[in-house]
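Reading through the structure tokens given below for one structure.
The values are calculated or read from the model by the stated rules, or taken from the named source; none is laboratory data. Small disclaimer: the values here were computed from a predicted structure and weren't measured. As a convention, Cβ positions derive from the backbone with ideal geometry for all residues, glycine included, and neighbour counts pool all protein chains shown.
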Amino acid sequence: MAISFMACHALAGTQSNINSTIYCPSRHQPLVSGRLDVRRICVSMRAAAEKGHTSAASLPGIPRASKLITSAVAAKSEATTSSPSTKPGHEVLLFEALQEGLEEEMEKDPRVCVMGEDVGHYGGSYKVTKGLAEKFGDLRVLDTPIAENSFTGMAIGAAMTGLRPIVEGMNMGFLLLAYNQISNNCGMLHYTSGGQFTIPIVIRGPGGVGRQLGAEHSQRLESYFQSVPGLQMVACSTPYNAKGLMKAAIRSENPVILYEHVLLYNLKERIPDEDYTCCLEKAELVRPGKDVTILTYSRMRHHVLQAAKTLINNGYDPEIIDIISLKPFDLYTIGNSIKKTHRVLIVEECMRTGGIGASLRSSIIDNFWDYLDAPIMCLSSQDVPTPYAGPLEDATVVQPPQIVKAVEQLCQ
Amino acid sequence: MAYVMRSSPSVQSGSLAPHSSASSVSSSASSSSYILRLGALNSQRSGRLSITRRAIGTANRRTRKPHGVSASTSELVAEKPSIKNALAITREEGLILYEDMVLGRSFEDMCAQMYYRGKMFGFVHLYNGQEAVSTGFVKCLKPEDYVCSTYRDHVHALSKGVPARAVMSELFGKATGICRGQGGSMHMFSKEHGLLGGFAFIGEGIPVATGAAFKTKYEREVLKNDKADAVTVAFFGDGTCNNGQFFECLNMAALWKLPIIFVVENNLWAIGMSHYRATSVPEIWKKGPAFGMPGIHVDGMDVLKVREVALEAVARARRGDGPTLVECETYRFRGHSLADPDELRKPAEKAHYAARDPIIALKKYLLESGLVDETDLRSIDKKIDEIVEDAVEFADASPLPPRSQLLENVFADPKGFGIGPDGKYRCEDPAFTAGTAQV
């Protein structure tokens, strides 16, 4: 079982609306010895960044920061669908955004309920359901025994008979135990029943490679579930889209898997006060450009943005799209981009074999072959069980320098 | 709430060598007695154990006296001297039970015929011999109650009220089938009749049933609907009782006192695997008390006994007292499926259970008790024959699903197919569901 994990992830200046360079750990989570160390890392990272420190990281696992452009992305103000609001809004961390979305939907519809391990009294191992059990009661925020297959099936049965459950996998990897129910019942039951029963269920949880959590807690299940017919899959990457996707997924009549990432829960962003949802089938244009289309999702979006600063400094103009919808792909946004840039780089955290990138590549070839000037490049994680050792773990996941190099290669 | 558990000799001795367990089952079988080994099945109010008093044993009414049991035999099995004065059912009920079982048997026999004539395909699992379990339980339910089954689901569907035409069409793979031809033999679903499936993998229906029971509790306690009292009955076999989902759901159901009844149709065989070769503790009913619910063992070849247990278990669930585990000792007269040569089961065993055919037994009881006469039963037989024939004709005449149906039910909200390169949702393209559009 995973323990709650606080990560300090250096994400130097992404969008203007994402606050500050360094994200400090949540004040909610006391880590006895860890907290102090992380703070120290934060402080020294900031110092290093300001000095333009480029020597090998003395801090394990923190990507090298080259000369920082804090406002490169912000310059493109016509950019994005990600934060259209001109109203003041309020600042939240990503896990709080998820919680807000969840709470709003639970207030709105009494059939919405949550099931999972430690979601109730414990508040969720990543605090997404904190306070909800006190507010809505133990039955609406149900602490389940450790029986993933059975409680996922139970959620499916409840959904078939009229409720709208949200199943939390404490770590997405644990949902491997629920594969029987997710594939057979969640995905297929609407079809095999001839459309009689709907399964408006949301399956969500943290996945992805964290900080030395070991192989089993560092899995990317998007590739395992992508073939299951009848499922929709989305991945959130910012507080804005986290809340929007959570709400949209709950309102959807389809079974939706919402992939969150362990290291992104403490991203801070100003989000609108008013009620909003994000479309489950649309990709997000993060940064328009004309040289190359970079398709990415979840944590890799932030690695791409990090690499983008270097690229921009070196004179490249990348168009960055966060695909958001892992299944189905938004071929319209992706296609329009390819028609403009003619070069595609996919950056993902999935394993190379059978990953989202592999599917995306073949979709692009099927639909936009004539618009390509170069072979599609795909940067994925290594086909390796994520090692525990820090440097090895870094090597399994795509890092910003690799992205820079790939773009340079693509644009030759 | 404390449970009193009556031990059987094999439990007392602590050793459960296969032969001793087998003998305890077969001795009850061979004596055709009606011992019920009970975990407490009672109401909180009365605190008494409820015991089946009436039975329709076949020839031999000798009761087997268990030793080591705290109560005397006469308490356990009260044999009323004049059984005709204490009838278990009324005439109407008797006719309903008879008709339902005959429908199940005739339908399944017709399925076998149709299969060998090439009208239905794939894996077809027939229910012959087990009718008492389906009829006994499902005829105690209200229309709002739920039934969850396995691949051996035709008769559960029929008992629950799904028209024979719709089931037969589904088996033929026609568009008029209950699942539009998309499910097949192993995936019968009916929203209208509360049939939650139809599952091919054993055990995967039990959590779904648990979810339906959870919904009842949720409706009562969160949505504050006092009238919500739908009960769920989950049917599954002896093989499933070694599967994790079974135990996980027993735990959750007892933990939250869900209104569910777990009905084990123990027909002793999981395809070719004998229950005794697969199970360390073959008495499945004993596993109920381990999780905090009553475990009942009932003669599943006797529809009246099953019905009596069912009525009490359903009432218990509806009151909010929680789940019950009922193990029905039953037998399938045919192979596991129509593809199974059924070579492993001994002829003596088959003959033994054939002699306990639930339909013949009920017929005998109804006639002997004077509730009905021959003409009543014969007219029911004829009626059922007509229903089944009509079902076949209807299915034969029905159209196959058109190509355009292929993608229609993949998503409840077809926006799930996504946005195509032209910027429109794929489902907006009228040709899409025929599968000609790109996915």
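Please work out which residue is surrounded by the most Cβ atoms within 10 Å (Cβ to Cβ), limiting yourself to the range A:252-278 and to residues that are within 13 Å of chain B (Cβ to nearest Cβ) and out of contact with any helix residue (DSSP H, G or I) (no Cβ under 7 Å at 6 or more places or on another chain).
Of everything passing the filter in the range A:252-278, A:Ser252 is surrounded by the most Cβ atoms within 10 Å (Cβ to Cβ).
A quick yes/no check of all residues on (1) within 14 Å of chain B (Cβ to nearest Cβ); (2) within 22 Å of A:Thr129 (Cα to Cα); (3) touching an Asp or Glu at 6+ places or on another chain (Cβ under 6 Å):
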{"site": "A:Gly195", "(1), (2), (3)": "yes, no, no"}
{"site": "A:Ile201", "(1), (2), (3)": "yes, yes, no"}
{"site": "A:Gly205", "(1), (2), (3)": "no, yes, yes"}
{"site": "A:Arg211", "(1), (2), (3)": "no, no, no"}
{"site": "A:Val228", "(1), (2), (3)": "yes, no, no"}
{"site": "A:Leu231", "(1), (2), (3)": "yes, no, no"}
{"site": "A:Thr238", "(1), (2), (3)": "no, yes, yes"}
{"site": "A:Met246", "(1), (2), (3)": "no, yes, no"}
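Here is a list: A:Ile294, A:Ile257, A:Ile321. Which entry is touching a residue at least 40 places away in the same chain (Cβ under 8 Å) and not assigned by TED's automatic domain parsing to the domain that holds A:Ile199?
Answer to the selection: A:Ile294.
So is B:Ala313 free of Cβ contacts under 8 Å to residues at least 24 places away in the same chain and either more than 30 Å from B:Tyr218 (Cα to Cα) or crowded, with 21+ Cβ neighbours inside 10 Å (or both) or not?
Here the answer is no, as B:Ala313 does not meet what is asked.
Tell me, yes or no, whether the range A:269-291 has at least one residue that is at pLDDT 95 or above, under 17 Å from the mean Cα position of the chain (by Cα) and basic (Lys, Arg).
Within the range A:269-291, one or more residues are at pLDDT 95 or above, under 17 Å from the mean Cα position of the chain (by Cα) and basic (Lys, Arg).
When residues of the range A:126-161 are filtered for being under 27 Å from the mean Cα position of the chain (by Cα) and charged (D, E, K, R), how many remain?
5
Which residues, taken from the range A:328-359, are assigned to a helix (DSSP H, G or I), surrounded by 23 or more Cβ atoms within 10 Å (Cβ to Cβ), away from every other protein chain (no Cβ under 12 Å) and hydrophobic (A, V, I, L, M, F, W, C)?
A:Ile356
Answer yes if at least one residue in the range B:423-436 is in a helix (DSSP H, G or I), over 22 Å from the mean Cα position of the chain (by Cα), more than 14 Å from chain A (Cβ to nearest Cβ) and modelled with pLDDT of 95 or more, and no otherwise.
Looking through the range B:423-436, none of the residues is in a helix (DSSP H, G or I), over 22 Å from the mean Cα position of the chain (by Cα), more than 14 Å from chain A (Cβ to nearest Cβ) and modelled with pLDDT of 95 or more.
Step by step: first the residues of the range B:231-275, then only those that are part of a helix (DSSP H, G or I), touching a Lys or Arg at 6+ places or on another chain (Cβ under 8 Å) and buried (at least 24 other Cβ atoms within 10 Å of the Cβ), then the one that is nearest to the other protein chains (Cβ to nearest Cβ). Which residue is that?
So, considering only residues that are part of a helix (DSSP H, G or I), touching a Lys or Arg at 6+ places or on another chain (Cβ under 8 Å) and buried (at least 24 other Cβ atoms within 10 Å of the Cβ), the one nearest to the other protein chains (Cβ to nearest Cβ) is B:Leu250.
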